[in-house]
Every structure is written in structure tokens, then in C-alpha cells.
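I have placed the structure first, in the form of C-alpha cells, so that the comments after it can refer back to it.
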């Protein structure tokens, strides 16, 4: 069994009457890319801020590397790299100076630092912009600078809080690749996001938060297994009648059936030959159909089914 | 680590244009304005050029004529006399060409157009003359043999009054506006102090949050930042004083090295004060900067930056306040250097500044360190 | 009226700054009224503020002290060098008189010097007047004494003679009107009006004309002239409100409705307000940050105030400064103000000229704003849109 890097137990944080974190437990193991998934306001950033000992909390305990985390746990902080949701760099310093500055807070040896900074520059592909001031950088570059500042000192634990908000797809892919790369070189990663695809693509284990509660946790497959849906079948059809729908719904393993006038959507749970059986019904009644899709469940389906909510990509938390 | 932090803090500070504007350019502009407005004022107030007066001789009065002669004629004498007739004199008075009209007849009389100091001086002159007349006539009536003694006693050149100048330095009252300008510039260091807070508190900026996550002990980071501020503010103070003394040619006394020292000490106190004031409470950066600037300007007002004799008024109503108002203490330091040959008072003021700096810094660090925040 | 409403909402955010400025200004003004002593007018002051230390403490010395006190204000001070020097420097007292030990013995001796010490800071008329007074007193006593009187007799005769003061004739009977405070209030408006108006209106207009907002509204159905007109309406309303508040403040300060020629001062301040508003509009054209706006506002308002005789009366400024100040509107404002509050009947045509000058500044700034906008609009379209 791998070592537990972060252990959050029974964490409660209140803002007045509002309960931001409700008895949260999380265990993050060494070498994982742990995804914290949840809609805006679900408590992801609050969790991160408590984890970093920036926020006070009402109850519970937080351990990192097996020790309790406090504002003065400098030996722990030394091994953490943080990339906040908001870009935190000095406007008055150039790209290189910013990375050097933040790296210098962790590494005092000059020689070593220079090598680390150069590596971080290479990692974030900022080589052409070293002398630029942050104000002159585009959104994607700024995010990359933000990340470079956070990881230059090669931390063992990297915490990324929605690092890809408002980043164009190319930059986003570069960032995600970078995170994988960091992970493969030995870092444990905590990653929060409300982009399903990112988390699905990146994370080895995922926890879903809603209203400050952890409502599900596990690997992608484990999460998908938690839900009823195993297959969604969609068929383009014109002129389907109510009686046909009832017939399809009566088929084994089918638990939901929907028709909007042009597309039939059938949700199935388990079973093997669902598509053939449905198409059989259609042939029986001599109904012509167009394209047919069969889809496996996504995290989105998981999320939808567990929270009953649609996850949206809009706005910022808080 | 400390020097790494310090280096970057200074780099950032020097590149913060608006901060440098306020700390360097604004005092320079204000100093220029003061120079324009107050440059000539003192010489005007202490101007004792002859008072223009018209004399109308209605009847020959030998004694009065000789009295007039003795106080007029040269450039540094008391009166500038124009002999003329009654109508012309009235015209001159109306046009403000002369301050008063003295008519000498049987009785010497004075006519003026308004109340004022020069008018009062004329009145004194006429009164003195009439008094002497009266003393002599009284003497004549009581003991005519003593007239000569009385006359010689009256016309004695020996003055019973010993004039002592209170100080040896520059007594130009308007220079105190420049003392206060230095105090204001010093207290503008609060803006630097605010910068420390903003960059080190997680609830004020993302940068603060990031710094809080770093393994640098807060006290170390804060002291590096404080040192950086002190150095930046020292630079600003040196620029300000140099500009006042060597470009505007303001006379700040002859112990210039100590003037620099006092200004720098004041600047450092300003930084510490800003650090302390802005570490109180958790409100937005904008509010904090508004509050600190308001506090600074109010202190400067009470020290006489806007109304010159404000400090005198405070000395009358609440003398203790001048002892703890940083703006007043800073301007007093420079004032002491100008006015006192010994260092007793100067040292007291400098010690006050040092104490304030220590207290403000310590309280500021105490309130900023080791903190978790209730909300971000 | 959508734009107008939005304007007011943005304005509301900036309002606290304006209120702070106004509050502080009015508080200080009220403070001055309560204090009652106007520091600027030293020239009117015929009474001196004197502190006396009587080291001799004899009947003779006390009667000298009484004599000094009769014509002047006596101020009690602690006999401490620091206190005395501070009091002299900050003009709480004009002179500190020390009646030296042995004064009574030497009083009658015409050859004795230095009976009295006059400690002073400056070498002006104030200080010379005190010397004259003291010399007059001693010489009269000595005159009587030389005429054969005993010391006590000489002192009492001298006092009798001294109390018989000269009647001074006034050529014009006109008394100085008692409105120095309201005069100063109107004069200082030249500073505060610019502060309040530019620091609030400039950022608001700058926001309303921010490029992205401007482009968006240009895409909507609203006509650009209507947009501009609504903003002008909003600004004008705000400026008028500020001006009115200050006028009401002045009336309260004065303790009643304005009368007679003070209405001219009200008119004068209105034309100056127009100038301040047009200045705010020009500043808004440069879309600066709030810090930069503050800095520029302070430099302009303080600079004009010092150059044009707001803080220091025009009569005290040097010729060259006044010559240069003619190119600044505050000069004309203060000049008109001084004329209106002066003793004689105000010269209407001169005052009118001053008003016209201020309006000319306002109009030319307005034209400048239009010009800048035109140029920027054209330039802005030509420029490549910058990447985000």
C-alpha cells in the first residue's frame, strides 16, 4: 500500500450560517493525480485553502506527509507547490525574475536555483518571454507563468486550483501534459476543476464535492460503476409513436426512454445486447432510422446522476 | 533568503510607478508650489522699509520739523515724507500712495484711511511727539530750570530696551511649511508599509496567499520587506531633502547631515506606521489605502502643512499631541536643528521617532504573523 | 434614460471620496469660524500678543506691565526656553518682554541701558512697534524725572500723559465688512471644487467611455449623441449638486442667506465650477488609473491654489508669479473674489471680465476634450486591436 500524503479528517468550515465544508474526509496517496471535482461553490477552493493552512476551520484535522499542517509548518510547506486559481505574480517583475523570486523562497542555493528556474522555464515553454512583464502576456502565457512559479522548486506535492480557467485549448493541453509529466517524475498532484474532460483525462482518483460534502470517491471506473447507467443509445428516427416507446421501455435492462421528435435516447443498465434488441423492435414495426450511437457513461453522467445537477463551466468560485 | 527577498522587494518597489510618483514627484511639485507662494512672503512681512507719509504744514512748527528730519531722509529710516498741501495729501491717501497724512499746526494730527500696523506705527510716532511736548510744557510750568534736563532726557539716544533675537537660525516662519513637507513625504512611507501588508497577507492579495504557502517564516519575510521599505523610503527622503536644499535653495540650517538623518528617521517611522495601520482589521486594500492616506493628511494638517500656525494652536490646546504626532515630531526635529545650538531637544525627538518605529513595527509584525484567515 | 441610470450607479461608487473631501473641508471651515482668529490678516492687527516676565517685581515694573497690557494682549507662558521659542515661532506671541532686575533703580537714569529685554523672532513692524512703545514709556518717565519729579511722581505723571492718546482721523468712514470668513471660504473653494469634481466625475466618465463598453453600446440601438447627452446630463446634475451643497454650506457658515454683492461671489464660483467640470472631462479623455487621476488632480489644484493666491493672498505674491498666474483660471476667480469682498464698491465691469476669462477657460477645455475624442476615435479605429 502506498503512503498517504494528505489526510483530511472530519473537516468542517463555516462562514457564518453557511457550511462550506461539511465533515469532509480525504486520503491522498503518493503518486496519485487526485481530482477534486465539483460545481462552483462546492468547496473545492475552500478545501485547498484549509489544506494550506491559509484558512482557519472549525473542526477536523489535516495532516500532510504524516504531520499536522499549521501556518508555521515550514518543513511541510517546503515540499508543496501551489498554483492558485488567481494569478499571483508581481507585475513589476519580469517572467524570469518572478520565477526566480518564488523559487528563491524555497531554494537558497544560487547555483541550484538557477538550474531549477531554467528547468521551469523550459517546462512552461516561456523561453521566448523571459524579459516580458506579466501585463504584456496573453492569458495562456500568464497561466503558464503562474504554474512555473509554483513548481520551479520541484515539490513533492503539487496543488493546482483550477489552473486552466480561461485558457485556450492549445495552452490547456500543454498544461495538462505538463502536469502528467510532473506526476511521472514522482510528484503527487491535487487537481481541482469543474472541467469534466480534464479530470477524466488526467486524474487517477477523483472525489466529487457538492455543498461541502464528498458525495463520491474512487477511480474513474469505480465511479462509473456506481451508477445505474452503463450504456446510452441514441437513434435518429422520424415519426415514432407512443406505443413503440412503451415497447422499448419494456425491454430488459432499459430503464429510461425518451423521444424528442427526431432522436430517441435509451438509457440502459447492464446487459449485453441492448442495441440489437432495440433495433429489433424498430425493424419489427418497419420503422426507418438514421444514425445510431452507443455511448459508455462519462463522468458527466456520473455527476448528473449523483448530484442531479448539470455541471457548468461558467464563472469563478466565491 | 533574507537578501533574496530584500532584493526583489526593492526591485518591485522601484518599478511601481504610481508609488514612486507619490513618494518622489508629488513632494517635488508641492515643494515648488510652496517656494512660489512663500518665497517672498517672509521678506515682505519683515520688510521695514520707510512708511510713506504725507506731511501738511499748516503752520511753521520748528520742533516737529526737526523731529521729522531725524526719522526720515535715508533708506533705512522710519518715514518717507512727502511735503504737500491738504488736497493733494487727501488724494494720495485715497489712492493708497501714502499710509497717513500728518498735519502739523498748533496741534499735530494724523489722518489714516484704514486700520493697520503701519498706521499704528504712525500713531505712535505722533503720540511720542505730542508726549514730549507735554512733558516739556509740564516741566516748564513746574520748574523751568529743569527744561534743559528734561529735553536731553527725552532726546536721549540711549535705548532702555535690549533687543534679543530668539534664535540664530533661519527665523523665516514659512520655512516651516518645508519642514512639514519633509514630514509629509516621510509619512507617505505609509504607502510602502501598506505594500508590505498587501503582499504578505493571504486575505489581501493572491500574492499574499502564495507567500503564506512558502516555507519562509513570516517574520523573516516581513523583516526583509520592512528593510526594503526602509531603503526605498530613505532614497525618497534623500531626493526630497536634496531637492529642497540644493534646487529650491531652502535654508534648513547649517547642520545638513543631521537634517538628512532626521528626514530618513522620519521616513522609516512613516513606513512602520503604515505597516501597523494597514495590518489592523481585514478590509480591502483600497479601503486601507484610503484610511492610511486620510490619517497621514490629518496628522500633517495638525502639524501645520496646510495652515502654518496650527502647531502653535495645538501647543496651546493640547500640547501632548505635538509630542506624539509623528508629523509634528519629524518637522520638530528639523526645526530644532535650525533653532537650537545644543542637541538636547533634537535627541529627544529622534528618540521619540525611534520608539515609534519600534512599537509600530513590532505591533505590525505581531498582528500579521502566524495567522490563519477566517475568509479569503 | 438607461445610460443616465447606469451613470448614476457608477457615480454612487465614487461618491464616498467626494463626501470625504466635502466633509473635511466644511469641518475645517467651521473650525475656523469657531476659532474666530484669521491668521492671514496680521496687517490689521494693531494689538500685539505679548508675554511679560517681571524679574524686578516692584511697583514700577508692575505699572510698566500694566501699561503694556493696556494696549496689547498679554499671553501667559511657562518660563521655559523651548516653550518661549515655540510660541514666538508659531506666532502665539509677537515678543517676550523681560523686565530685568534693577529696573526700578535705573528707570530714572537717562544713561542706563538694557532695563528691559525684548526677545523676538522676526525683525518686522510688529516687533519695532513694541520697541517704540517701551522707549516711549521709559523716555516719558525719564523726562518727568529729569524735570524734578520723584520716581513715583514721574511714573504716575507719565502714565497720565500716556493715557491721553492721539485721536486718529479716518479719511473714509467705511468700516471693513465683517465677512473675512466667508471671503476665505469662497477663496478656498477654488481648491476644493477641483478636488471634489475631478476625483469623482473623471473616473466615472472614463468608465462610461471605456473602449469595450463604448463598442458594445455603439452596437446597440442607442444613438451616440443620445449616449453623450445622457452622460452630460448626469455629470451636470452631479456638478450642480456639489456646487449647491457648497453654497448652502457657505450660507450656513455665514448664518443666513447671502446678501448684496455676495451673490456676485456665488455667480463667480459657479463659473469656476464650470471650469472645474470641463477640466474633469478633459482628464477623463486620457483614461488614466484612479491613482494617476488623484495625483494630477492634486498637482493641478494645489499648484493653481499656490500660484493664484488661494492659500496666500494675491497681494503677497511676487509680480512675476502673478504675471504667470494670469494664464490660470484660478487667478481670475480669486481676483474677482477679492474684488467682490473688498471694501469699496466692486467694479462690476472688472469682475465681469474675470468671469468671462473663467468661462473662456471652460469653453476651451471643452473644445479640447472634443478634439481629443475625435482624434482618439479615428486613431483607435486605425490601430490594430490589441490581443488579449
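Each value in this text was obtained by applying a stated rule to the coordinates, not by laboratory testing. Just so you know, these numbers come straight off a predicted model, no measurement behind them. Methodologically, a virtual Cβ is constructed for each residue, glycine included, from the backbone with ideal geometry; neighbour enumeration extends over all protein chains shown.
Values for this structure:
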item	result
Theoretical ellipticity at 222 nm over chain C - DSSP helices of four or more residues, -39500 (n - 2.57) apiece, nearest 500	-23000 deg cm²/dmol
Shielding by partners - mean other protein chain Cβ count within 10 Å, residues of C:300-311	3
Sequence of A:277, C:70 once ranked by neighbouring C-beta atoms within 10 Å, starting from the fewest	C:70, A:277
Distance (nanometres) between label positions extended 7 Å along Cα→Cβ at residue C:163 and residue C:215	9.0 nm
Ascending count of other beta-carbon atoms within 10 Å, so fewest first, for A:36, C:264, C:88, B:25	B:25, C:264, C:88, A:36
Inter-label distance for residue B:17 and residue A:136, nm, one decimal - labels placed 7 Å from Cα along Cα-to-Cβ	1.3 nm
Folded to 0 to 90 degrees: helix C:348-382 orientation relative to chain C principal axis, Cα	40 degrees
Compactness index (Cα Rg / 2.2 N^0.38 Å), chain A	1.21
For the range A:1-138, projected area of the alpha-carbon convex hull averaged over all directions, nm²	10.7 nm²
Peptide B:109-122, shielding by other chains (average Cβ, 10 Å cutoff)	6
Length-normalised contact order for the range C:42-163 - Cα pairs under 8 Å, 6+ apart - percent	24 percent
GNM flexibility winner over chain C from C:130, C:22, C:208 (Cα, springs under 10 Å)	C:130
Fraction of beta bridges assigned by DSSP in the range A:4-225 that are antiparallel (%, nearest 5)	55 percent
Ranked packing of A:96-105, C:152-161, B:341-350, C:120-129, most packed first, by mean Cβ within 10 Å	A:96-105, C:120-129, C:152-161, B:341-350
Length released on extending from residue B:374 to residue B:251, taking residue separation times 0.36 nm less the Cα-Cα span	39.0 nm
Percent of alpha-carbon pairs separated by more than 28 Å within chain B	59 percent
Value of [θ]222 nm, deg cm²/dmol, for chain B, DSSP H segments ≥ 4, -39500 (n - 2.57) each, nearest 500	-20500 deg cm²/dmol
20 Å tail of the calculated P(r), the range C:42-163, as % of Cα pairs	42 percent
Estimated inter-spin distance, residue B:287 and residue C:241, nm [label 7 Å along Cα→Cβ]	2.3 nm
Cα pair distances exceeding 16 angstrom across the range A:228-296, given as percent	37 percent
Shielding by other protein chains, A:84-96, mean Cβ within 10 Å	4
Residues in the range C:87-106 that a label on residue C:49 would reach, taking backbone N under 19 Å of a point 7 Å out along Cα→Cβ	C:87-98
Relative intensity, log₁₀ I(q)/I(0), of the range C:173-317 from a Debye sum that treats every alpha carbon as a point, q = 0.08, 0.12, 0.19 Å⁻¹	-0.29, -0.59, -1.14
Mean Cβ neighbour count within 10 Å, used as a protection proxy, ranking C:240-248, B:140-148, C:190-198 highest first	C:190-198, C:240-248, B:140-148
Space enclosed by the convex hull of the alpha-carbon atoms of the protein assembly as shown, per residue, Å³	220 Å³
Candidates B:183, B:257, B:328: whichever shows maximal mean-square fluctuation once chain B is modelled as a Gaussian network with Cα springs under 10 Å	B:257
Mean Cβ count within 10 Å, highest first, over the residues of peptides B:10-22, B:258-270	B:258-270, B:10-22
Three principal axis lengths of the range B:241-372 [C-alpha, angstrom, descending]	52, 31, 29
FRET E, pair residue C:180, residue C:347, Förster distance 22 Å, beta-carbon r, rounded to 0.05	0.60
Contact order relative to length of chain C, as percent, for alpha carbon pairs under 8 angstrom and 6 or more apart	17 percent
Among C:202, C:297, C:217: highest mean-square fluctuation, GNM of chain C, C-alpha pairs under 10 Å	C:217
Relative contact order %, chain B, counting alpha carbon pairs below 8 Å whose residues are six or more apart	19 percent
Sites residue A:29 and residue C:15, calculated FRET efficiency, Cβ-Cβ separation with R0 60 Å, nearest 0.05	0.65
Intensity falloff of the range B:50-154 expressed as log10 I(q)/I(0), Debye formula with alpha-carbon point scatterers, at q = 0.18, 0.19, 0.24, 0.25 Å⁻¹	-0.87, -0.94, -1.32, -1.40
Ellipticity estimate at 222 nm from DSSP helix runs (n ≥ 4, -39,500 (n - 2.57)) divided over chain A, nearest 500	-10000 deg cm²/dmol
At R0 = 30 Å, FRET efficiency that the Cβ-Cβ distance of residue C:114 and residue B:106 yields, to 0.05	0.20
Where only alpha carbons of chain C are counted, the Rg and the Dmax (Å)	30.0, 105
Which of C:285, B:229 has the fewest Cβ neighbours within 10 Å, and the rest in rising order	C:285, B:229
